[in-house]
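The values are calculated or read from the model by the stated rules, or taken from the named source; none is laboratory data. A quick note: this is a predicted structure, and the numbers were derived from the prediction, not measured. As a convention, Cβ positions derive from the backbone with ideal geometry for all residues, glycine included, and neighbour counts pool all protein chains shown.
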């Protein structure tokens, strides 16, 4: 059996912290009806998706929470790409939410905010990443970088 | 009731209901796994002395099978060299096998003991540590 894939790892605790933070921001924004928190969630998610090295969640986690021993990094086998895609999806929903709220479409705006709350909550509590699920299915449809099986468990990119 | 408490209650209902739904799905998957462990036996002779085999179900377009499951299986095979045989099965090309082991998603890995009985079923990606623990449990029992 062979494979050319490198070992892929993510920090599970950083992911959980990010998901928990998004949950908290979206929940508080809804309960308090405070749009700036929704904007903050959109910005944080957007930076996490586009430039994870300077993600506010990551900076807070690495520079404050880990040195204070509130969290200990836990590296696990996982592909970071689907998680970034999931954060990008979250960004799209949050931007749409903020746009709707700015246009006084409160029901649509808060509904989008709650969708992000629910999806991050599911990921946080039971570990099901809906964005990752979409990512893999887009790959099957050829809309994402994909790989093909070419026999004897050798794979190649297409 | 003040509006803020109504919104808080709505959040709790939505969050709790969704979590309950997912938890129910996970219980269903566990039941399916237990059913496989009770009823199936792999009809083939192991090619190695220890006789532990892992059926690794994949499909041609399963990205996670390639990026995650295959490297994890390689690490397991290296760590338990001579004890574990990996058998790769295309779930689309072999639908009977997929049906027999109730494969609902790929990757799915089924850990077989030396008699061919399933001792663990992992629907979705199974990391190396999980597979190692499952293999070591069988090695302990059959030592």
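Details
- Of all residues in the stretch B:31-46, those that are touching a residue at least 12 places away in the same chain (Cβ under 8 Å) have Cβ atoms under 8 Å from Cβ atoms of residues that are exposed (fewer than 12 other Cβ atoms within 10 Å of the Cβ), 6 or more apart or on another chain, in B:41/B:115.
- Count of residues meeting criterion [within 14 Å of chain B (Cβ to nearest Cβ), crowded, with 16+ Cβ neighbours inside 10 Å and not in a helix (DSSP H, G or I)] in the stretch A:63-81: 3
- Residue check, residue A:60 modelled with pLDDT of 95 or more, part of a loop (DSSP other than H, G, I, E, B) and more than 28 Å from residue B:16 (Cα to Cα): no
- Among residues of the stretch B:52-81, those that are in contact (Cβ under 8 Å) with a residue 60 or more places away in the chain and out of contact with any strand residue (DSSP E or B) (no Cβ under 8 Å at 6 or more places or on another chain), counted: 1
- Selection count, the stretch A:86-113, where residues are out of contact with any helix residue (DSSP H, G or I) (no Cβ under 6 Å at 6 or more places or on another chain) and either in a helix (DSSP H, G or I) or buried (at least 22 other Cβ atoms within 10 Å of the Cβ) (or both): 6
- The set of residues in the stretch A:16-37 that are buried (at least 22 other Cβ atoms within 10 Å of the Cβ) and more than 14 Å from chain B (Cβ to nearest Cβ) contains only A:18.
- Spans of strands (runs of 3 or more DSSP E) in the stretch B:51-143 with at least 1 residues farther than 17 Å from residue B:37 by Cβ: B:52-58, B:84-90
- Reported count of residues in the stretch A:87-124, each being within 14 Å of chain B (Cβ to nearest Cβ) and within 17 Å of residue A:25 (Cβ to Cβ), is 16.
- When the residues of the stretch B:74-116 are filtered to those that are surrounded by fewer than 16 Cβ atoms within 10 Å (Cβ to Cβ) and under 15 Å from the mean Cα position of the chain (by Cα), the one that is modelled with the highest pLDDT is B:99.
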